[in-house]
Amino acid sequence: MQQTTLFDIELIRRYDKAGPRYTSYPTAVQFDSHFDESVYREYALNSNAAPLKPLSLYVHIPFCDTVCFYCACNKVVTKNRSLAVPYLAHLHQEIAMQAALFNRERPVTQLHWGGGTPTFLSHAQMRDLMQGIKNYFQLDDSGEYSIEIDPRETQSDTIAVLREIGFNRMSLGVQDFEPQVQKAVNRIQSEEQTFTVLEAARREGFKSISIDLIYGLPHQSADSFSKTLDKILTVKPERLSIFNYAHLPTLFKPQRRIEVADLPSPSEKLRILQNTINRLINAGYIYIGMDHFALPDDELAIAQRNGSLYRNFQGYSTHADCDLIGLGITSIGKVGDSYSQNLKTLDEYYAQIDSGQLPVFRGIALNADDKLRRAIITQLICHFSLDIPSIEQEYNIDFKQYFSEEWRDLETLQEDGLLIRGEQRIEILPAGRLLVRNICMTFDAYLRQNKEQRFSKVI
Ligand code: SF4
């Protein structure tokens, strides 16, 4: 696919409005406290019905040594490493409580440690945590076990330790190599630090290594970002995530330390994006969707080609049919036809676990309409197409009748060249792929009811 067809500046300008990232449908905005830990327990126990589905585990380590000013994650910034001790003690308890709900024969085929900064933990703590997980869950030998790495928080032997305890995938946070940008966002990280970790990971046999970059940061321009890309492309990571910085200082406190005057203009941001797509496509990367690119022989690109790509809270995934257990503060789980989220502060989390209860504080039980719309949004966002007869058959509906309003709205998107709306398929055209969120928004019943919800801009 040529980038010139992928990147249509006029369309992007016209459709550049706020929208969800659809790591779930319904999105977390719809979760509420009626879904509490007792409802979660029921869903968890019912999920053990045959045929047994595999499990996916997400573990949240919230601590960071320093704050990056662009950050919108849930984290605890501290230099006090001893704070990890009570957190890990409670996390071990939560693992045991969660494991008691699930059939021990269910294999774990996917595990992810995110944060915060998972490598804020000492090697001994990481070993101990992984052992704690293995004591209660069966980790499948062929599973995908990934961790988010901050190269500033690794020692010379950290990568070998991670491999030894079972990790085989990683993503590396980089964002931008330009010193002026790094200073403005308070994340000073040398190329040497980053590439030393990358080389160690390759030596240790890590697969599908991903590098995260952000565009739209202070002092960035298309030319300056190009220099970062030059350096990244010399090492050709299997995957690249290019995130859009959304400046929302009223929602995310650290962003107040970013000067608005230093941010690139909207048109410069678009130039950065255009340039980046151009360069990545020319370097042989495939556009997977949303912010993600992968080399053609990477598992994500292969999964997209053979129709098995899926999207969850960690982004795109090759493991579709798992129940996801969220562990640690703020983590989100997906069990059966439900989503649930853990408490967001350390104190609340500790108190709930100390009282013998799971720290779930909100969630949602999906109704029939949610499930149908989720299936449609997942197909569109992962495969850029929708097979209408298979949806009609699986959900026992007449598509055009059920979605009569949506069908009309799609006509405008078709006239604008984003998609083709056929009798059998909705096919997203190359120019619509960067705007796949907008297309999915057509099928979002909650957005249709309430157009005022707050999300970051699509591009
Ligand atoms: S971007 Fe990552 S390392 Fe930086 S403050 Fe946020 S969670 Fe921590």
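On inspection, L55 passes the criterion of being more than 16 Å from the ligand (Cβ to nearest atom), crowded, with 21+ Cβ neighbours inside 10 Å and modelled with pLDDT of 95 or more. Evaluate the following for A50: is it in a loop (DSSP other than H, G, I, E, B), away from the ligand (no atom under 16 Å from the Cβ) and of a type in the set (G, A, S)? Judged against the criteria, A50 is a match.
Yes/no per residue for (1) of a type outside the set (S, T, Y); (2) within 19 Å of the chain's Cα centre (by Cα); (3) over 26 Å from L300 (Cβ atoms); (4) not assigned by TED's automatic domain parsing to the domain that holds P249:
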{"residue": "E178", "(1), (2), (3), (4)": "yes, no, yes, no"}
{"residue": "Q182", "(1), (2), (3), (4)": "yes, no, yes, no"}
{"residue": "V185", "(1), (2), (3), (4)": "yes, no, yes, no"}
{"residue": "I188", "(1), (2), (3), (4)": "yes, no, yes, no"}
{"residue": "F206", "(1), (2), (3), (4)": "yes, no, no, no"}
{"residue": "L213", "(1), (2), (3), (4)": "yes, yes, no, no"}
{"residue": "D223", "(1), (2), (3), (4)": "yes, no, yes, no"}
{"residue": "S226", "(1), (2), (3), (4)": "no, no, no, no"}
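Looking only at the stretch 331-356, filter to residues that are of a type in the set (A, V, I, L, M) and touching a residue at least 60 places away in the same chain (Cβ under 8 Å); which one of those is surrounded by the fewest Cβ atoms within 10 Å (Cβ to Cβ)? For the stretch 331-356, the residue satisfying everything is L346. A single entry from Q449, Q393, Q379 fulfils the requirement of being closer than 18 Å to A18 by Cα and not assigned by TED's automatic domain parsing to the domain that holds I288: Q449. If the condition is being modelled with pLDDT under 95 and within 14 Å of the ligand (Cβ to nearest atom), then the stretch 153-166 contributes only E153. Take Q182 and tell me if it is of a type outside the set (D, E, K, R), free of Cβ contacts under 8 Å to residues at least 12 places away in the same chain and in contact with a strand residue (DSSP E or B) (Cβ under 9 Å, 6 or more places away or on another chain). Against the criterion (of a type outside the set (D, E, K, R), free of Cβ contacts under 8 Å to residues at least 12 places away in the same chain and in contact with a strand residue (DSSP E or B) (Cβ under 9 Å, 6 or more places away or on another chain)), Q182 qualifies. Taken across the stretch 63-79, residues that are more than 26 Å from G166 (Cα to Cα) and part of a helix (DSSP H, G or I) do not occur at all.
Evaluating I165 against the criteria (1) touching a Lys or Arg at 6+ places or on another chain (Cβ under 6 Å); (2) under 24 Å from H292 (Cα atoms) leaves one unmet condition, (2).
Scanning the stretch 255-301 for residues that are assigned to a helix (DSSP H, G or I) and of a type in the set (D, E, K, R) returns R256, R257, D262, E268, K269, R271, R279, E299.
M97 passes every criterion in (1) away from the ligand (no atom under 16 Å from the Cβ); (2) exposed (fewer than 15 other Cβ atoms within 10 Å of the Cβ) apart from (2). Looking at T234, T228, T250, just one residue is more than 27 Å from G432 (Cβ to Cβ), in a loop (DSSP other than H, G, I, E, B) and of a type in the set (V, I, T), and that residue is T250.
Being within 23 Å of D150 (Cα to Cα), surrounded by fewer than 20 Cβ atoms within 10 Å (Cβ to Cβ) and polar (S, T, N, Q): is that true of T228 here? I'd like the intermediate steps shown before the answer.
Details: within 23 Å of D150 (Cα to Cα): yes; surrounded by fewer than 20 Cβ atoms within 10 Å (Cβ to Cβ): no; polar (S, T, N, Q): yes.
Spelling it out, it is not the case that T228 is within 23 Å of D150 (Cα to Cα), surrounded by fewer than 20 Cβ atoms within 10 Å (Cβ to Cβ) and polar (S, T, N, Q).
Residue-wise test of (1) among the β-branched types (V, I, T); (2) over 24 Å from the mean Cα position of the chain (by Cα); (3) within 16 Å of the ligand (Cβ to nearest atom).
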| residue | (1), (2), (3) |
| --- | --- |
| C68 | no, no, yes |
| Q110 | no, no, no |
| R127 | no, yes, no |
| N135 | no, yes, no |
| N168 | no, no, no |
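Once the stretch 137-152 is narrowed to residues that are within 16 Å of the ligand (Cβ to nearest atom) and within 18 Å of G326 (Cα to Cα), the residue that is surrounded by the fewest Cβ atoms within 10 Å (Cβ to Cβ) is E148. Remark: pairs (first residue in the stretch 242-263, without any contact (Cβ under 8 Å) to a residue 60 or more places away in the chain and more than 12 Å from G216 (Cα to Cα); second residue more than 14 Å from the ligand (Cβ to nearest atom) and among the β-branched types (V, I, T); Cβ separation under 9 Å; 6+ apart in sequence or on different chains) = P249/V260; R256/T250.
The values are calculated or read from the model by the stated rules, or taken from the named source; none is laboratory data. All values derive from a computational prediction rather than experimental measurement. All Cβ positions, even for glycine, are placed from backbone atoms using ideal geometry, and neighbour counts span all protein chains on display.
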